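The values are calculated or read from the model by the stated rules, or taken from the named source; none is laboratory data. Since the model is a prediction, treat every value here as computed from it, not as a measurement. When we count neighbours, we look across all protein chains shown, and the Cβ atoms used for this are built from the backbone with ideal geometry, even at glycine.
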Protein chains: 6
Amino acid sequence: MTVRLGSMTTAEAADAVGGVVIIPAGAFEQHGPGLPLATDLVRAEHVAERVARAVPGRVVVGPAIPVGVSPHHMAFAGTVTLSTTTFAAVVREYVGSLHHHGWRKVLVITGHGGNNAALTTVGQDLLTTHPDLRFAWTPVTALAGVAMPAATEVSGHGGEAETAQMLHLAPELVRRDRLEKGTTSLDELDPVARLSRRDGHPSLPVRYDLLSANGILGDPTTVTAADGESIVDAVVDRIASFVADWLDA
Amino acid sequence: MTVRLGSMTTAEAADAVGGVVIIPAGAFEQHGPGLPLATDLVRAEHVAERVARAVPGRVVVGPAIPVGVSPHHMAFAGTVTLSTTTFAAVVREYVGSLHHHGWRKVLVITGHGGNNAALTTVGQDLLTTHPDLRFAWTPVTALAGVAMPAATEVSGHGGEAETAQMLHLAPELVRRDRLEKGTTSLDELDPVARLSRRDGHPSLPVRYDLLSANGILGDPTTVTAADGESIVDAVVDRIASFVADWLDA
Amino acid sequence: MTVRLGSMTTAEAADAVGGVVIIPAGAFEQHGPGLPLATDLVRAEHVAERVARAVPGRVVVGPAIPVGVSPHHMAFAGTVTLSTTTFAAVVREYVGSLHHHGWRKVLVITGHGGNNAALTTVGQDLLTTHPDLRFAWTPVTALAGVAMPAATEVSGHGGEAETAQMLHLAPELVRRDRLEKGTTSLDELDPVARLSRRDGHPSLPVRYDLLSANGILGDPTTVTAADGESIVDAVVDRIASFVADWLDA
Amino acid sequence: MTVRLGSMTTAEAADAVGGVVIIPAGAFEQHGPGLPLATDLVRAEHVAERVARAVPGRVVVGPAIPVGVSPHHMAFAGTVTLSTTTFAAVVREYVGSLHHHGWRKVLVITGHGGNNAALTTVGQDLLTTHPDLRFAWTPVTALAGVAMPAATEVSGHGGEAETAQMLHLAPELVRRDRLEKGTTSLDELDPVARLSRRDGHPSLPVRYDLLSANGILGDPTTVTAADGESIVDAVVDRIASFVADWLDA
Amino acid sequence: MTVRLGSMTTAEAADAVGGVVIIPAGAFEQHGPGLPLATDLVRAEHVAERVARAVPGRVVVGPAIPVGVSPHHMAFAGTVTLSTTTFAAVVREYVGSLHHHGWRKVLVITGHGGNNAALTTVGQDLLTTHPDLRFAWTPVTALAGVAMPAATEVSGHGGEAETAQMLHLAPELVRRDRLEKGTTSLDELDPVARLSRRDGHPSLPVRYDLLSANGILGDPTTVTAADGESIVDAVVDRIASFVADWLDA
Amino acid sequence: MTVRLGSMTTAEAADAVGGVVIIPAGAFEQHGPGLPLATDLVRAEHVAERVARAVPGRVVVGPAIPVGVSPHHMAFAGTVTLSTTTFAAVVREYVGSLHHHGWRKVLVITGHGGNNAALTTVGQDLLTTHPDLRFAWTPVTALAGVAMPAATEVSGHGGEAETAQMLHLAPELVRRDRLEKGTTSLDELDPVARLSRRDGHPSLPVRYDLLSANGILGDPTTVTAADGESIVDAVVDRIASFVADWLDA
């Protein structure tokens, strides 16, 4: 039996109303020389489906958002971005439609950190416009915890963790022979870029072409599919545990 | 070699700039007791990919739009809709990003007729905002021509043609045993609904629950996968021929 | 007794609530060397008034929309255009006001095809925002049917049919001595323009300066006021018949 | 030779570029038992046309705005209103189109005081968006000066001055036998309404149904067409004098 | 006991619900060589607080709006402006929040005339969206009446009246040694600027750099703190009297 | 010499162009029985001014934003909130104006965590619209590090850290005798509220009335002005150090 709402008929959807709907959100953006543009959606959809299967009969995976908020990657060919306003409108209207049919719990799983802020603003606005709805959202990689593989001083976009996940989830989309190190240490960066990577606040956003010539932070050549499996398992466990608690709350 | 931009790396995307980008647009809406909510996206994506393969090396398939303009189906569970404004913003921002990278020809293939008007407004606005861009869009089923199977007096949504396409393209998603006749003749309709189905203008939009109790117009039980293959072949031929002419124009 | 709401007092308007309100929509755009910028509004207003008189006591003509969606004509002096969003907002707010006073049936008659898509999006949005309202819209010329005069291979804007209507409805606004042939055959067009004029889909919108040096499609010199009378009579009959059926439905 | 841009062809419009374009703006709102809903547009259009004729060859009358900002009259049947945002968008887009063709001076003549604030905001925004354009606007009645007829303590909407103008400009639209006194003195008003009519600031807007049972302020039965002629002459003189100075400035 | 809502706890605010909330609105814009950018907010806040104290126990001063609508001053360094749309949204959302807590009377005191039109549009829109709320607004200087000091032929921004008020209310912010005459007579202006300063309508907005080289209209060197005290006393009296009448109405 | 741009004249502002402009952003929201509604603005303004003084001659404090994004506090009287969209528009327009005058580095210091997401979206959008501008933002309390006082298991809004800061910065605004414990342990919360307070993601926003009856998280009775001084010193040091590095980068 499918957990994907899009594969259900309207009658099956009617039976599924209640519980949690997960919306997987991605990005359509550069992930360096070895990973595809759809990397973040691929990961979000796999995690969403596995979470749904982990809490059987109470969770469905709704429509995806294939394009996210990626202005910082626009110097790299193929990146497609929504403005923060349009991304937020899309989330709000998905949620509004699901609410219309009777769902009261919606969880967005975003494979792309650039969506986090817009998701937060949607959550704020929904407190007022839909007081009887609960809206949650979560990133993917940030939940890996101890499952995170060792990484270089600077690491992140297109680096160890994302590559490992793709080697596990969609190895056919990884160009293993093209994987290469990106920026791995703070002293490779110019002063402004270094400031933007400092831990904590103030927050100083910069474009990715200032951070890395090939678009990568970290060294994706050092990881394996097994690393990715550990990450995904840890992330799915944590989200599924949240969902189970939420359903019982 | 993939034709899907989302499966390419940024370097491969850079090589692919030029030619035509196809954006497949669907709907997430009821298609009666036998077809899944994602029916329109499934058809649009298949047609897009086949058109891209038919004009090799000059066409890529960009990010999809999984949810369309479906307010008329909101009485049926599971339907998710965007407002016309948000749908248009999404299209405009996809196109704007592709234009930024150098593409000058974008074609939207929509599996859902409810998107047609919003796509037209986007095309109008782009004439002013992006004068060096050409934007085209097309429906799917309407291009079938003589390949259309015989149909009942009233036919359309979830009916003969859409069901045949799904039997051909994604038979695993069709509940064959649930397929059933919907509204098939004008005299089953109340006067307002009948008026809204009259050929030509004036145009009088009504909600689908006024048109059909089960959401279907036509009789989906009479068609086969072979009918669907004929439709899809005809549609792909016609769009591919347009694209080839466009690339040469 | 007037059928124009604008000529009524508020007390007379109160008596007229119910039935159908017609909103005539035009364009303010080039119509070649012989026709005035207001051509589309002139035709829409005449047709609206005649339809109202054909269904006596049950139809009024509300406020007009003198400027439509005309970005494709902006290369020609004097053209004034609204964005699709603003045009839609105007229609929505006219309709919302009429609904506030108790009307439940609104029909827009547009003399300009560039408004069709925006009108359709308004109709879609109203299904959700005003479920107890019926909104219909119709073009003018497209309803002429067999009354259409013979025309050249390429024909349309400022051509045979529109000129004939103006000769009948507002001859004092036609510069007969300036009427001249525009583009009349596909082989006068460059390949992109020709592609945009192909029947059916895909739809490829282009600016009018690419289609015709003088802004005309067809040959307006071949028609007479009698041709225009036939067109207008046919159009009025068809819309009036729709309105009568609608009032009874 | 016409001064109305809408009656010109595109070639004539091209010749008219330069000088001043006047946009007449009305309202579609109650004017009591004796005057039609279109009263404000009728007056604005007449004044606009007469101003254009008074400065021959240098002024044209562009497209009208038949519906204005009238939320305060919505308790009276037939009133149609735009939101302040949509009204402003319409003005801005008319002006933007005229600017595109080369005009640099646009004057809005509004027959309706409810449009004044939105016109002012448009003028403010244009200072930034179109620095090479000059945008002016003016009411009608407020310019009458000594030509104003004697009026009751409370007077204004649908009262002496507006009725006189309509008796002069469009007597066929006035129901003389229905003209009747409205609110004429402050002590007929409840305390809040009285406060809202106090001279000067603070400004306290209230709905018209709080100000007058029949929608009228003043006594329209006391004026004549000759009074209206005096008003219109004075207003036209004053605007024409401004336009002449502006063209020379 | 404070009259400033921002200095109250939520429990104290709950006790204060009812009565009038005053919102002081300023501008952040050039006021010539002798006055600070915050001049208009300083004056609005002082007047607001004094009005609140003059009607004890029934009026509180809510959150301020420190930046107003100032596009006409953007040629002068330091000026910060909101668009008319954003300014109106801020006012509307302040008012909406106060309405949510139970207040039904809100008064904006604006130290900056550039806000007047946007405030008026907010008042118009609120008639429809919040029919049970009364919204009033007032300028400051315009209420001075006979307390206005003698002034030059051209006078206003940064001139006699504003300087006098600042000498009274915030002398530590006035650079007395930098105060200097601005434009003081019409014949110093070029023809367009002169036209824009003519009394009454038509209204022709221009940028301030066209009106005055140093940003000043009038002669601020001729006034004293005592002049300012007279103005402020007169303004406070007049607003307080309005508020008292309003509370009783 | 002042560091507040609002206290400068336009000439002084012109001299100050370059360097960093700080925008202090607050909230206007409940802070429990002992702290005023303006708590977050008071803290942001003090920190901003002290940072400006710590990097002398290179930093000014621009206009404040007194009201932030506080829908989660609307159940408590006196709270005023902006929507996320309007808050973002205000920030964007402040920044746009400062950019117009030549500043290229803007830092928002927000005393209210509810503004963080909207500030992040503004930073994302500015990467595209103002590529030559650097935009940074920072919270206050989160930078305290080891200077944070001991706190209860659940702590935060209106609790130990915020109260300590107010005792140090604005003791006259603290009702010491009203300070009282709020929610201090997870087991006081209902299951949904407890889930929303779990560390890390998923993020589940809830209204504050679900978290605390008196609006407080933590125990504000245990801290002193000296605690507040330590926090503020630490925060100012950290931001000033960032600003100094930024100016040199």
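Restricted to the range C:4-25, and to residues that are more than 10 Å from chain D (Cβ to nearest Cβ) and surrounded by fewer than 23 Cβ atoms within 10 Å (Cβ to Cβ), which residue is farthest from D:Thr10 (Cα to Cα)?
C:Gly18
How many residues are in contact (Cβ under 8 Å) with a residue 60 or more places away in the chain and at the interface with chain D (Cβ under 8 Å from one of its Cβ atoms) when one looks only at the range C:89-101?
3
Taking E:Phe135, is it touching an Asp or Glu at 6+ places or on another chain (Cβ under 9 Å) and at the interface with another protein chain (Cβ under 8 Å from one of its Cβ atoms)?
So E:Phe135 does not fit the description; no.
Given the conditions (1) among the polar types (S, T, N, Q); (2) farther than 30 Å from E:Arg104 by Cα; (3) modelled with pLDDT of 95 or more, report the number of the one that E:Thr152 does not fulfil.
(3)
Among the residues of the range B:1-44, write down those that are under 22 Å from B:Ala170 (Cβ atoms), of a type in the set (A, V, I, L, M, F, W, C) and under 18 Å from the mean Cα position of the chain (by Cα).
Residues satisfying the conditions are B:Ile22, B:Ile23, B:Ala25, B:Ala27, B:Phe28, B:Leu35, B:Leu37, B:Ala38, B:Leu41, B:Val42, B:Ala44.
For E:Ala144, only one of the following conditions fails: (1) farther than 22 Å from E:His73 by Cα; (2) modelled with pLDDT of 95 or more; (3) within 12 Å of another protein chain (Cβ to nearest Cβ). What is its number?
That leaves (2) as the condition not met.
So for the range B:187-202 (the condition being of a type in the set (Val, Ile, Thr) and at the interface with chain C (Cβ under 10 Å from one of its Cβ atoms)), does at least one residue qualify?
Yes: one or more hits.
Give me the residue from the range D:113-139 that is touching a residue at least 60 places away in the same chain (Cβ under 8 Å) and touching a Gly at 6+ places or on another chain (Cβ under 7 Å) and, out of that set, surrounded by the most Cβ atoms within 10 Å (Cβ to Cβ).
Within the range D:113-139, the match that is surrounded by the most Cβ atoms within 10 Å (Cβ to Cβ) is D:Asn115.
Determine whether A:Pro220 is touching a residue at least 60 places away in the same chain (Cβ under 8 Å), surrounded by 18 or more Cβ atoms within 10 Å (Cβ to Cβ) and either in contact with a His (Cβ under 7 Å, 6 or more places away or on another chain) or within 14 Å of chain F (Cβ to nearest Cβ) (or both).
No.
Residues that are in contact with a Phe, Trp or Tyr (Cβ under 9 Å, 6 or more places away or on another chain) and without any contact (Cβ under 8 Å) to a residue 40 or more places away in the chain: does the range A:203-211 have at least one?
Yes, the conditions are met somewhere in the range A:203-211.
Only residues that are in contact with a Gly (Cβ under 9 Å, 6 or more places away or on another chain) and not hydroxyl-bearing (Ser, Thr, Tyr): list them for the range F:201-216, please.
Matches in the range F:201-216: F:Leu204, F:Pro205, F:Asp209, F:Leu211, F:Ala213, F:Asn214, F:Gly215, F:Ile216.
Picking from C:Gly78, C:Gly62, which residue would you name as being of a type outside the set (A, V, I, L, M) and over 27 Å from D:Val17 (Cβ atoms)?
C:Gly62
State which residue is nearest to C:Ala89 (Cα to Cα) when the search covers only the range C:120-148 and only residues that are of a type in the set (Ser, Thr, Tyr) and not in a strand (DSSP E or B).
C:Thr121
Determine whether C:Ala170 is touching a helix residue (DSSP H, G or I) at 6+ places or on another chain (Cβ under 6 Å) and free of Cβ contacts under 8 Å to residues at least 24 places away in the same chain.
It is false that C:Ala170 is touching a helix residue (DSSP H, G or I) at 6+ places or on another chain (Cβ under 6 Å) and free of Cβ contacts under 8 Å to residues at least 24 places away in the same chain.
Got at least one residue in the range C:26-46 being under 27 Å from C:Asp233 (Cβ atoms), among the aliphatic types (A, V, I, L, M), more than 9 Å from chain D (Cβ to nearest Cβ) and crowded, with 24+ Cβ neighbours inside 10 Å?
Within the range C:26-46, one or more residues are under 27 Å from C:Asp233 (Cβ atoms), among the aliphatic types (A, V, I, L, M), more than 9 Å from chain D (Cβ to nearest Cβ) and crowded, with 24+ Cβ neighbours inside 10 Å.
Restricting to the range E:69-84, and then to whatever is of a type in the set (Gly, Ala, Ser), within 7 Å of another protein chain (Cβ to nearest Cβ) and farther than 18 Å from D:Phe135 by Cα, can you tell me which residue is surrounded by the fewest Cβ atoms within 10 Å (Cβ to Cβ)?
Selected residue: E:Ala77.
Can you name the condition, by its number, that F:Ala117 falls short on among (1) more than 23 Å from E:Ala25 (Cβ to Cβ); (2) out of contact with any helix residue (DSSP H, G or I) (no Cβ under 6 Å at 6 or more places or on another chain); (3) assigned to a helix (DSSP H, G or I); (4) hydrophobic (A, V, I, L, M, F, W, C)?
All conditions are met except number (2).
If B:Asp177 passes every condition in (1) more than 9 Å from chain C (Cβ to nearest Cβ); (2) surrounded by 14 or more Cβ atoms within 10 Å (Cβ to Cβ) but one, which one does it miss?
The number of the failed condition is (2).
Would it be correct to say that C:Ala151 is part of a loop (DSSP other than H, G, I, E, B), buried (at least 17 other Cβ atoms within 10 Å of the Cβ) and touching a residue at least 40 places away in the same chain (Cβ under 8 Å)?
It is true that C:Ala151 is part of a loop (DSSP other than H, G, I, E, B), buried (at least 17 other Cβ atoms within 10 Å of the Cβ) and touching a residue at least 40 places away in the same chain (Cβ under 8 Å).
Output the residue which, of all residues in the range E:102-132 that are more than 7 Å from every other protein chain (Cβ to nearest Cβ) and of a type in the set (Ser, Thr, Tyr), is nearest to E:Ala14 (Cα to Cα).
Looking at the filtered set, the residue picked out is E:Thr129.
Name the helices (runs of 4 or more DSSP H) wholly within the range B:155-249 that hold at least 2 residues that are over 30 Å from A:Ala14 (Cβ atoms) and among the small types (Gly, Ala, Ser)?
Filter on the range B:155-249 gives B:225-248.
Within the range E:176-187, is even one residue charged (D, E, K, R) and touching an Asp or Glu at 6+ places or on another chain (Cβ under 6 Å)?
yes
Okay, residues lined up against (1) among the aliphatic types (A, V, I, L, M); (2) surrounded by 15 or more Cβ atoms within 10 Å (Cβ to Cβ); (3) at pLDDT below 95; (4) touching a strand residue (DSSP E or B) at 6+ places or on another chain (Cβ under 6 Å):
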site: A:His168; (1), (2), (3), (4): no, yes, no, no
site: A:Glu172; (1), (2), (3), (4): no, no, no, no
site: A:Leu195; (1), (2), (3), (4): yes, yes, no, no
site: A:Asp199; (1), (2), (3), (4): no, no, yes, no
site: A:Arg207; (1), (2), (3), (4): no, yes, no, no
site: A:Ile231; (1), (2), (3), (4): yes, yes, no, no
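Restricting the first residue to the range F:226-245 and requiring it to be within 24 Å of F:Glu160 (Cα to Cα), which pairs with a second residue that is modelled with pLDDT under 95 meet a Cβ separation below 6 Å and a spacing of at least six or different chains?
F:Asp227/F:Pro149; F:Ser230/F:Ala147; F:Ile231/F:Ala144; F:Ile231/F:Ala147; F:Ala234/F:Ala144; F:Ala234/F:Gly145; F:Ala234/F:Ala147; F:Val235/F:Ala144
Every residue in the range B:95-112 that is surrounded by fewer than 18 Cβ atoms within 10 Å (Cβ to Cβ) and over 15 Å from B:Thr129 (Cβ atoms), please.
Within the range B:95-112, B:Gly102 is the sole residue that qualifies.
Got a sec? Which of A:Ala88, A:Ala142 is buried (at least 24 other Cβ atoms within 10 Å of the Cβ), among the small types (Gly, Ala, Ser) and within 17 Å of the chain's Cα centre (by Cα)?
A:Ala88
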